[in-house]
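Notes follow the structure.
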Amino acid sequence: MYLSSSKTDTIQFWVLNVSSFLAQLTIAMVNLALVYHLRRVFALSADRIGLAASISPATYLVFCILLSPYTIHYRPRHLVQLSLLGMAFAVYLFVSTHSLPVAYLALALYGGFMSLLWPQIEGWFSRGKEGASLNRVANAFNFSWSFGVGVSSYIAGLLVEFSTTMPFFVGLAIFGVVYLIISISSALVPGIRAVQSEHTENKTNSKIDQSTPFRFYAWAGIIALYSGMSVILTIFPLYAQDVLGISESQTGLLLLIRGVATCLSFLALGKLEFWHFKKRYIFLVQILFALFCLLATSFTSPIPYAFFFLVFGFLFAFAYDQSMFHGASGSVNRSQRMIIHEVLLTIGTILGAVGGGYVYEHLSFSRLLFVVAICALVLVSVEMAIALFWERRKH
């Protein structure tokens, strides 16, 4: 069967975006459910839940780094398929055990196998794309996974009220569906099946690296915003249960507001180019994030938090877009750049989960938001000082 290049690109576009939506829906559902599962089944405190929740991001971080010299030699679809099978096994192991060490091992395996998923998909869809074309495919991908996160929060809240194990078994089924989507599309579409490893692709087409230094500021921003995201997804559900006294489904509804705001922001940013290669917007997003965290320290009821999540959803989308776009733009080794992007957001995730769990357990949620805000302000101040230094050196 012959398909034109444009038709193959269109099919691949939809395959990767549908797969990203379903995979991230499952991952986010598992991540939220494990907070409740660890408390109900293993009776862990908030700081120990934060540590447990950081195991998967930690192994994700380690394996992203360790495997990066080797993954460029394999076709992305093979690595994605292996990732899905491995994560499914890890989720089954986690939900079927009552041994805490085995649960920790399952979480470690889960993160390790996940390291084969996102850098490969991100490098796959961005190949050969620059400027407006790169912005379009990147934001389509960002909308897909963020929509999955947004929807999963509410679904996971409903399923957890029924049983803390239910989200995990639903997740196993969805992982199977994504595996089939990749397998069937690869079998039916020669263009998808023919996608080479990045190493082979770069040997065939000699390219010149034209990366932008603005990526460094955007990468710092993604650490800050992801630490906030980790606090919201890992610590806020405990705070909502302990202090606000709201149900899991109501918490999921609040988190859904953030998810919807992020999705809509990705759609808008995909059509706008004013922020490309402008560091002032990178700094502005980080400053606003810090200021809104400071504002939220005075909140004591769900309604103000709904407003906070709405604003955070927009700022998070902007920071994520800035990191992905400026990291990939002009780069020859896209999957390597996406590994850096993933490593840095994972560092933010771990900082938010571990540090957030400790501060919440020993102080309060408002103090936690205050610490996040101050750290973000210090970080962006350092970035602005470095930017000013380099501007003066140029002149």
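The values are calculated or read from the model by the stated rules, or taken from the named source; none is laboratory data. Just so you know, these numbers come straight off a predicted model, no measurement behind them. We place every Cβ from the backbone using ideal geometry, glycine too, and count neighbours over all the protein chains shown. The area values use the complete protein model at the heavy-atom level, side chains included, leaving out ligands, DNA and RNA. Shrake-Rupley method; radii C 1.70, N 1.55, O 1.52, S 1.80 Å.
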- Item | Which numbered condition GLN286 fails, given (1) open to solvent by 20 Å² or more (accessible area, probe 1.4 Å); (2) of a type outside the set (Val, Ile, Thr); (3) under 25 Å from SER381 (Cβ atoms) | (1)
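Table: residues versus (1) within 21 Å of the chain's Cα centre (by Cα); (2) part of a loop (DSSP other than H, G, I, E, B); (3) more than 25 Å from GLN210 (Cα to Cα).
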{"position": "LEU272", "(1), (2), (3)": "no, yes, no"}
{"position": "ARG280", "(1), (2), (3)": "no, no, no"}
{"position": "SER323", "(1), (2), (3)": "yes, no, no"}
{"position": "GLY327", "(1), (2), (3)": "yes, no, no"}
- Being open to solvent by 50 Å² or more (accessible area, probe 1.4 Å) and not hydrophobic (A, V, I, L, M, F, W, C) is the filter here, so list the residues in the stretch 289-314 that pass it. SER298, THR300
- Note on the structure: Residue hits (the stretch 330-341; open to solvent by 10 Å² or more (accessible area, probe 1.4 Å) and at pLDDT 85 or above) are ARG337, ILE339, ILE340
- For the stretch 1-18, the count of residues that are at pLDDT 85 or above and either crowded, with 24+ Cβ neighbours inside 10 Å or not in a helix (DSSP H, G or I) (or both) equals 1
- Item | Among (1) open to solvent by 30 Å² or more (accessible area, probe 1.4 Å); (2) at pLDDT below 85; (3) assigned by the TED database to the domain that holds PHE318, the one test that GLU201 misses | (3)
- Message: So for the stretch 294-306 (the condition being outside any helix (DSSP H, G or I) and touching a Pro at 6+ places or on another chain (Cβ under 9 Å)), does at least one residue qualify?
- Response: yes
- Message: Of the residues LEU180, LEU188, only one is within 26 Å of the chain's Cα centre (by Cα), at pLDDT 75 or above, aliphatic (A, V, I, L, M) and surrounded by fewer than 15 Cβ atoms within 10 Å (Cβ to Cβ); which?
- Response: LEU180
- Query: Do we find a residue being touching a Gly at 6+ places or on another chain (Cβ under 9 Å), surrounded by 16 or more Cβ atoms within 10 Å (Cβ to Cβ) and among the polar types (S, T, N, Q) anywhere in the stretch 76-88?
  - Reply: no
- Note on the structure: Reported set for the stretch 336-395 where residues are of a type outside the set (S, T, N, Q) and not in a helix (DSSP H, G or I) is LEU363, HIS395
- Please name all residue pairs, on different chains or six or more residues apart, with Cβ atoms under 6 Å, provided the first residue is in the stretch 108-125 and is touching a residue at least 12 places away in the same chain (Cβ under 8 Å) and the second residue is in a helix (DSSP H, G or I) and of a type in the set (Asp, Glu). TRP118/GLU342; PRO119/GLU342
- Would you mention how many residues in the stretch 315-326 are touching a Phe, Trp or Tyr at 6+ places or on another chain (Cβ under 7 Å) and either small (Gly, Ala, Ser) or surrounded by fewer than 19 Cβ atoms within 10 Å (Cβ to Cβ) (or both)? 2
